[in-house]
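The values are calculated or read from the model by the stated rules, or taken from the named source; none is laboratory data. Quick caveat: nothing in here was measured; it's all calculated off a predicted structure. Positions of Cβ are generated from backbone atoms using ideal geometry, with glycine treated the same way; all protein chains shown enter the neighbour counts.
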Amino acid sequence: MLRIDDHITIADWELTESFLRASGPGGQNVNKVSTAVELRFEAERSPHLTAPVKARLKRLAGSRWTKDGAIVIQVQDTRSQARNREIARDRLADLIRASLVAPRRRVATRPTAGSVRRGVEGKRIRAAVKATRGSVEDE
């Protein structure tokens, strides 16, 4: 069971962990022990997440979102399998927490009279500079 916040808890049946051999440092141990973790979360089928949260989660997950609606997180940061499991679960929890926050709606505002005036004045000055350029006449 993975606790996200006070209201949301992910059940164990939604999470699948598989272990594989990690690349990188580890000496002879790297060829014998499967320390890398692949955590799979069935996000699309999760009854704990609402539709808007799932849509935001899909956008935030990016390439980690599979065609069948699962999120796959791979971790091989440490030589310890237990620590990699912990890191993968933390990353998933952080991703879900980020998707719970609904973005604020942008309120359109009009530009102030002063900013419009300054813009027009700058444009007029720039036009005057460009107007003075041109071909040089012979004397």
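In this structure, is Glu139 acidic (Asp, Glu), surrounded by 14 or more Cβ atoms within 10 Å (Cβ to Cβ) and either in contact with a strand residue (DSSP E or B) (Cβ under 7 Å, 6 or more places away or on another chain) or without any contact (Cβ under 8 Å) to a residue 40 or more places away in the chain (or both)?
No; evaluated as a whole, the condition is false for this residue.
Restricting attention to segment 75-114, which residues are surrounded by 14 or more Cβ atoms within 10 Å (Cβ to Cβ), part of a loop (DSSP other than H, G, I, E, B) and not β-branched (Val, Ile, Thr)?
Answer for segment 75-114, where residues must be surrounded by 14 or more Cβ atoms within 10 Å (Cβ to Cβ), part of a loop (DSSP other than H, G, I, E, B) and not β-branched (Val, Ile, Thr): Gln76, Asp77, Arg79.
Thr35 versus (1) at pLDDT 85 or above; (2) at negative phi; (3) surrounded by 11 or more Cβ atoms within 10 Å (Cβ to Cβ): which is the lone unmet condition?
(1)
Checking the conditions here, which among Ser46, Ser34 is touching a strand residue (DSSP E or B) at 6+ places or on another chain (Cβ under 6 Å) and hydroxyl-bearing (Ser, Thr, Tyr)?
Exactly one of Ser46, Ser34 is touching a strand residue (DSSP E or B) at 6+ places or on another chain (Cβ under 6 Å) and hydroxyl-bearing (Ser, Thr, Tyr), namely Ser34.
Kindly provide the set of residues from segment 102-132 that are modelled with pLDDT under 90 and within 38 Å of the chain's Cα centre (by Cα), ordered by number.
Listed by number, the residues that qualify are Ala102, Pro103.
Specify the residue that is farthest from the chain's Cα centre (by Cα); the eligible residues are those in segment 38-56 that are surrounded by fewer than 17 Cβ atoms within 10 Å (Cβ to Cβ) and not charged (D, E, K, R).
Applying the filter and picking the extreme gives Pro47.
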